[in-house]
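Encoded as structure tokens, the structure appears first; notes follow it.
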Amino acid sequence: MAVGLQALDKSTNAVFNSRKQQVLQQVLQQVDLSRKGSIDDYIKPLVECINSNPNSVTTSSCSGRIVIYCEGPQKKKGCHWLLVRHNPVTLDEVVTSLSGKLPTGDINFKFEPFVLHVLCSSLEAASDMHQSAMTSGFRNSGISISKKNKIMLAIRSTIVLEAPIATNGKLIVDHQYLFHLVTVANKKLADNNTRIDRFYECLKPTGACGVPSTFDELLTKSSDGIGDLSLVDTDTLHSEDVLCDSSECIYVPHDINKH
């Protein structure tokens, strides 16, 4: 078994180095497919920490957000966003986003927790970071291995909140219930940020944070990182979504009941 893992790690290194080089090139070209178009401020230190390690590079991320959206034909895809906040929200902000003529589809209020996807150079590197994530409260985290030996770590939790609040252009809840949703969502966001802080602190003693370099050095060595981007649309990458198609990946099961 150990020999098999060593062979996997060896073949993975070439794939990882090539991919990290590509990621850094896309950072230089400011290619970011997320809705926001840039990394969230709250997790910049964490992303810089992970990207400065020669054995890891982030490919997509979201610090956590509170959203109100109208479902599109395929749930998230094609939906109409009425409110997107990565910080605590107020009842006034929510009410304002729902004023005027509403879309005719189903409108939901939702809190989506932190999610981070990290490409790793080896199973050992992925396992070490996975352990730190689990210890920090991200119990819905896991590792996948593609047919091309790409090792991807998904870090996420289960503290999701979602509730329908309008349909057919009309609110189906009152302001008292909206206030309750705002209160619960803000508490979940605070819990989410505490877990992010804990994860960042857990990584420091493990050596997961490398030494930051200039971008030219990063690109030349393909060893460290200074920023983050989304190689895929992060609007579809949150706690309820899979990392990749099951025909291409092996998912490492874990306990998601504890969070």
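Remarks
- Nearest-0.05 FRET efficiency for K148 and H86, computed from C-beta distance (R0 35 Å): 0.60
- Length released on extending from D191 to K170, taking residue separation times 0.36 nm less the Cα-Cα span: 4.4 nm
- Average accessible area per residue (Å²) across the range 38-143 - probe 1.4 Å, nucleic acids and ligands excluded: 36
- Of D92, D197, the residue with the largest accessible area leads and the full order is D92, D197 (1.4 Å probe).
- Added length on full extension, which subtracts the Cα-Cα distance from 0.36 nm per residue, E93 to K44: 15.1 nm
The values are calculated or read from the model by the stated rules, or taken from the named source; none is laboratory data. Given the structure is predicted, the values throughout are model-derived calculations rather than measurements. Positions of Cβ are backbone-derived with ideal geometry, glycine not excepted, and every protein chain shown enters the neighbour counts. Remember, those area values only see protein heavy atoms, side chains included, never the ligands or the DNA or RNA. Shrake-Rupley method; radii C 1.70, N 1.55, O 1.52, S 1.80 Å.
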